[in-house]
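Written below as structure tokens is the structure these notes are about.
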Amino acid sequence: MGLIAEFGLLLSASNGENLQCRASGTDIARKTMLNLYAFATPNSIKAVIALEEISAPYHLHAVNVRAGEQKMSRFLALNPNGKIPVLVDDSATEGEFVLTESAAILVHLAERYGKLLPTSSPERARVFEQLFFHASGLSPAFGQSGYFQKLAPEPAPHAVQRFHGEAMRTARLLDSLLARHEFVAGNTYTIADIAHFGWLWRRAFANVDLAEMPNLARWYDTMSQRPAVIRAMNAVESLIPVQQ
């Protein structure tokens, strides 16, 4: 089972039961084919939503990025890039299949289970268009906007102006797109919506307000009320240690 037992907290998607798996090679770990290493972050929640939407059995392992656990050697053995989420699929015939990058995980799950991704073009191409737009545009803009406004060691007004402006621009692009379609890649709910939801869920970090983006606000409300999304939000929030 590799490094699965290195992280203590596991959650069962099938019944919401809290589990403990601290010993290597436990029965619980052996029966699990999908193990997701994550935390309450915009990128992590994407994979959790997808797993909940497709009703796949999985265990959720807490990697506390606030405590720097993503930089520890046992986690770097899974992902040398030191980023979450990481999906470990034990069903592969050649052994553990370890996959990083949230967009890649979304595509893998959609293709494996035959859900949340159209099988024909141009609908399929529109989904990938939004995935690439998210990975190259919206996600880094939101992340950098939040960093320079809230975490940078010294004031950087030019960087704040640059990245917050880009965050607002990409959000407005989505708003204009959603004026024409129910979902971001058309009128069908797909992994493209799940990808965008991550940073819209944490938009306060980037100081993005949807007050003047009614279409994006409508979409966000629809997304946040989906049962699978609610379960995912609760699951990742439960990974945050309780302050003593």
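The values are calculated or read from the model by the stated rules, or taken from the named source; none is laboratory data. From a predicted model like this one, the values you see are computed outputs, not experimental measurements. Ideal geometry is used to build each Cβ from the backbone, glycine not excepted, and the neighbour counts take in all protein chains shown. SASA here: full protein model, heavy atoms, side chains in, ligands and nucleic acids out. Shrake-Rupley method; radii C 1.70, N 1.55, O 1.52, S 1.80 Å.
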**Prompt:** Is there any pair linking a residue in the range 100-126 that is under 23 Å from P85 (Cβ atoms) and without any contact (Cβ under 8 Å) to a residue 24 or more places away in the chain to one that is not in a helix (DSSP H, G or I) and not hydrophobic (A, V, I, L, M, F, W, C), with Cβ under 6 Å and at least six apart or on different chains, and which?
**Reply:** T100/N79
**Count - residues of the range 170-194 that are in a helix (DSSP H, G or I) and touching a Phe, Trp or Tyr at 6+ places or on another chain (Cβ under 7 Å)** = 2
**Which numbered condition E154 misses (of (1) under 21 Å from A40 (Cβ atoms); (2) charged (D, E, K, R); (3) modelled with pLDDT under 95)** = (1)
**Request:** Check whether at least one residue in the range 111-126 is modelled with pLDDT of 95 or more, of a type in the set (V, I, T) and either in contact with a strand residue (DSSP E or B) (Cβ under 6 Å, 6 or more places away or on another chain) or open to solvent by 50 Å² or more (accessible area, probe 1.4 Å) (or both), and report yes or no.
**Result:** no
**Asked** Does at least one position in the range 177-185 carry a residue that is surrounded by 18 or more Cβ atoms within 10 Å (Cβ to Cβ), in contact with a Lys or Arg (Cβ under 6 Å, 6 or more places away or on another chain) and closer than 24 Å to E53 by Cα?
**Response** yes
**Request:** Please work out if G137 is open to solvent by less than 20 Å² (accessible area, probe 1.4 Å), within 21 Å of M213 (Cβ to Cβ), of a type outside the set (K, R) and free of Cβ contacts under 8 Å to residues at least 40 places away in the same chain.
**Result:** yes
**Message:** Suppose the filter is within 24 Å of K115 (Cα to Cα), among the basic types (K, R) and part of a helix (DSSP H, G or I); does R218 pass it?
**Reply:** yes
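Residue-wise test of (1) in contact with a helix residue (DSSP H, G or I) (Cβ under 7 Å, 6 or more places away or on another chain); (2) among the polar types (S, T, N, Q); (3) not in a loop (DSSP other than H, G, I, E, B).
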| site | (1), (2), (3) |
| --- | --- |
| E111 | no, no, yes |
| L116 | yes, no, no |
| R124 | no, no, yes |
| V127 | yes, no, yes |
| G137 | yes, no, yes |
| H158 | no, no, yes |
| Q161 | no, yes, yes |
| G165 | no, no, yes |
| M168 | no, no, yes |
**Message:** When you scan the range 195-211, do you find a residue that is surrounded by fewer than 18 Cβ atoms within 10 Å (Cβ to Cβ) and outside any loop (DSSP other than H, G, I, E, B), even just one?
**Reply:** no
**Message:** I'd like the full set of residues that are open to solvent by 70 Å² or more (accessible area, probe 1.4 Å) and either assigned to a loop (DSSP other than H, G, I, E, B) or closer than 20 Å to S55 by Cβ (or both), limited to the range 231-240.
**Reply:** R231, N234
**Asked** Inside the range 55-103, counting only strands (runs of 3 or more DSSP E) that do not spill past its ends, which hold 2 or more residues that are surrounded by 11 or more Cβ atoms within 10 Å (Cβ to Cβ) and of a type in the set (S, T, Y)?
**Response** none
